[in-house]
Every structure is written in structure tokens, then in C-alpha cells.
Amino acid sequence: MMKNIKLLSVLFVAALTAINMTAENERTGAVVGELAPAFEVADAYGNTHSISDYEGQFIILEWLNHDCPFVRKHYDGGNMQRLQEKYTEKGVVWLSVISSVPGTQGYLEPDEAQEITKEKNASPTAVLLDTNSAMGRSYDARVTPQMYIIGPDGTLLYNGAIDDRPTARPADLDGAFNYVEAAMTSALNGEEIEITTNTPYGCTVKYE
């Protein structure tokens, strides 16, 4: 009986090890503490942006779909514009990324992206049109808005939600804890970021 128990224990541990190794090998997307995936994507004006263009600078990535009610919450309430202005004035690069493929919710032609950016009084460094979803998939961006912060050395510092209020109500912006703002405050002060990852909320990225 004891031999059987020991054998089962060994098999159980081996199975867990195999599962963990598989999960590690299959891990994809942007991982906090590792180099952020490289990208090369054109913006709404036809200018190409790559991560290497901004070596030595902080980069904030914002996955965007203006038809998503969770995104509208942050734009209608002025929260996203406030953050864009605050950090671009500090020399931080802010890239809004649209990964919706043609024919799906949130997809915008270049002139449409230019127009809505002006209508919303948004001020990102650029709006990237990831029309083949390559950048979105490489980062494993799942919802809009999903936020990422990349450090000056190219290391991913944050991946997750914009705040702790997973609703589509602008009124909930008041009193919300903003994870991006907290992370950037620590990063710009040379301090350790307390919360580096969590589950983002919003509308699924329209890859198909």
C-alpha cells in the first residue's frame, strides 16, 4: 500500500511539473519584467513607429476602440485625455493602438482616426493602426482599454487595467484607483512599482 501511495505521489509531482513546463513554454504576449515585444506600425498619418524609436523614454500603450462603452467612459469623462496630456508633457511617449481588423467594431481608416482624435480632444503621441493585429497579438492585448508601460530600457513595467472600477459609467471615475497613474508616479520617481499586473476590463479586441 505504501509503495502504491509513493508511486502515485511521484506521478502526481511529475504531472504538475509537466503542466508547469507546458504553461511556461506556451506563455505568450508581453510579460512584466521582460523586454516588451518589438513592433513596427504606421500611425493615422502614415508615419511608422517602432519601439526602438523611443529608446531611453517611457512608453505608455493604450489599446483603443472608440465604440467600446468602457473606452467611452474614460474619454467622455476626460480621464484618458487628462492622462495623455499629463504624461506627454513629461516626455513620456503615449501610443494609442487600434487592433480592430477591417469590418469590425472600432476599426478606423486613417482619416477617421485623425478626425475622432480631434473630436475627443485627445493628445497621444500617435494613434497606431494595427490593421493586421500583429502588434495586438504579440502583446496579447485582450480588451479595450488595456494598458502597458514600457521602461526606458525596453522592459515591460506594467500590463493590465487602467483602474479598479470595471464599469462603463463615467461617474465611477470619481474615487477610482488609477493603476497607470500610480505605476507612472513610482517609475518616474525611480521607485519600485507596487502593482505591475492585474486583469484588465473592457470590450474584447476585435481580431476577427
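The values are calculated or read from the model by the stated rules, or taken from the named source; none is laboratory data. None of the values given here were measured: they were computed from a predicted structure. Neighbour counts run over all protein chains shown; Cβ positions are idealised from the backbone, glycine included.
Things to note:
- When residues of region 163-172 are limited to those that are over 16 Å from the mean Cα position of the chain (by Cα) and part of a loop (DSSP other than H, G, I, E, B), the one surrounded by the fewest Cβ atoms within 10 Å (Cβ to Cβ): Arg169
- Of all residues in region 188-208 being buried (at least 18 other Cβ atoms within 10 Å of the Cβ) and touching a Pro at 6+ places or on another chain (Cβ under 9 Å), the one that is nearest to Tyr107 (Cα to Cα): Cys203
- Residue that is surrounded by the most Cβ atoms within 10 Å (Cβ to Cβ), among those in region 72-110 that are part of a strand (DSSP E or B) and touching a residue at least 40 places away in the same chain (Cβ under 8 Å): Val97
- Among residues of region 169-208 being acidic (Asp, Glu) and in contact (Cβ under 8 Å) with a residue 24 or more places away in the chain, the one that is farthest from Val92 (Cα to Cα) is Glu208.
- Taken over region 186-208, the criterion of being in a loop (DSSP other than H, G, I, E, B), among the aliphatic types (A, V, I, L, M) and in contact with a strand residue (DSSP E or B) (Cβ under 7 Å, 6 or more places away or on another chain) is satisfied by Ile193, Val205.
- Residues of region 159-208 that are of a type in the set (Phe, Trp, Tyr) and more than 30 Å from Pro102 (Cβ to Cβ): Phe177, Tyr179.
- Sole residue being surrounded by fewer than 17 Cβ atoms within 10 Å (Cβ to Cβ) and either in contact with a strand residue (DSSP E or B) (Cβ under 6 Å, 6 or more places away or on another chain) or within 17 Å of His49 (Cβ to Cβ) (or both), chosen from Ala134, Ala141, Ala183, Ala126: Ala134
- Number of the exception - Ala30 against (1) surrounded by 11 or more Cβ atoms within 10 Å (Cβ to Cβ); (2) modelled with pLDDT of 95 or more: (2)
- Condition met for Gly175 (in a loop (DSSP other than H, G, I, E, B), within 19 Å of Pro152 (Cβ to Cβ) and more than 17 Å from the chain's Cα centre (by Cα)): no
Let's see how each residue does on (1) modelled with pLDDT of 95 or more; (2) outside any strand (DSSP E or B); (3) in contact with a helix residue (DSSP H, G or I) (Cβ under 8 Å, 6 or more places away or on another chain):
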| site | (1), (2), (3) |
| --- | --- |
| Leu8 | no, yes, no |
| Ile19 | no, yes, no |
| Ala23 | no, yes, no |
| Pro37 | yes, yes, yes |
| Val41 | yes, no, yes |
| Glu62 | yes, no, yes |
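- Leading residue by the ranking (nearest to Asp76 (Cα to Cα)) among those in region 121-162 that are of a type in the set (Asp, Glu) and within 14 Å of the chain's Cα centre (by Cα): Asp130
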